[in-house]
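Working notes for the structure below.
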Amino acid sequence: MADVVRGLARRFRLESLTERHSTVLVLGLFAFLNGLLSIALMALVALATRQPFVFPSLGPTAFLLFYTPQAATASPRNTLCGHAIGAVAGYASLAAFGLLHAGPSILVGVSWERVGAAALSLGLTAGFMVWLRVPHPPAGATTLIVSLGLIASPAKLAVLMAGVLLLVAQGFVINRLAGIDYPIWSPRAPRGDGPERTPDPHTGADARPQTGA
């Protein structure tokens, strides 16, 4: 996040802000303003469209996009695919336990079927993110939002994914304005000194070259 703040300070000619004040103070101010503006924008869209564009797991996603924008977990591919896996896993778990029309657990209470749906949804989400190599931790919250019945219709799941896409677009614009090489889709291969390594095409992690015995 420090690189993002320095980049934005140069872009808007506010270098004196980072020179005169504590780095922690400036970074905290950036995190506060960025979180405020990111979610406020989606809240305004939700207000205008009367659709649920704002949901809890967008908070940790926003933090990842701006705190560690070059991490594989913050890339557009991992973010969008992770939340999509969570949404599908949650909906499939509701269907598996006959809860598609049961209502949200916060209103109707928690039953054994609901416990099974929640457990299955999180297991499926974690497993498929690993198998498909698109880890994005906040997707674990998304799948519980669905399997607990808070968002349970296909139309609202589509709106949920539109909210994720909108947040990713914000992350792309802000990080690129700051001069951060935020990816268009897949995570960037990390750069570093030492022997050349081959980036994993799915996670962006480097694989060490094979050496002889």
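Among the residues of the stretch 82-105, which ones are polar (S, T, N, Q) and modelled with pLDDT of 95 or more?
Matches in the stretch 82-105: Ser93 only.
Tell me, which helices (runs of 4 or more DSSP H) lie completely within the stretch 1-78 with 2 or more residues that are buried (at least 17 other Cβ atoms within 10 Å of the Cβ) and modelled with pLDDT under 80?
2-11, 23-49
From the list Ala178, Ala207, Ala169, exactly one residue is more than 16 Å from Pro135 (Cα to Cα), exposed (fewer than 14 other Cβ atoms within 10 Å of the Cβ), at pLDDT below 90 and of a type outside the set (Lys, Arg). Which is it?
Of Ala178, Ala207, Ala169, the one residue that is more than 16 Å from Pro135 (Cα to Cα), exposed (fewer than 14 other Cβ atoms within 10 Å of the Cβ), at pLDDT below 90 and of a type outside the set (Lys, Arg) is Ala207.
When you go through (1) closer than 18 Å to Thr61 by Cα; (2) over 14 Å from the mean Cα position of the chain (by Cα); (3) modelled with pLDDT under 95 one by one for Val108, which number turns out not to apply?
So Val108 meets the others, but not (1).
Cβ-Cβ under 8 Å, sequence separation 6+ or interchain: first residue in the stretch 90-118 and aliphatic (A, V, I, L, M), partner assigned to a loop (DSSP other than H, G, I, E, B) and surrounded by fewer than 17 Cβ atoms within 10 Å (Cβ to Cβ). Which pairs?
If the second residue must be assigned to a loop (DSSP other than H, G, I, E, B) and surrounded by fewer than 17 Cβ atoms within 10 Å (Cβ to Cβ), the pairs left are Leu94/Leu100.
From the residues in the stretch 121-143 that are touching a helix residue (DSSP H, G or I) at 6+ places or on another chain (Cβ under 6 Å) and part of a loop (DSSP other than H, G, I, E, B), which one is nearest to Leu157 (Cα to Cα)?
Pro138
The values are calculated or read from the model by the stated rules, or taken from the named source; none is laboratory data. Note that the structure is a prediction, hence the values are computed from the model and not measured. Don't worry about glycine lacking a Cβ; one is built from the backbone with ideal geometry, like all the others, and counts go over all protein chains shown.
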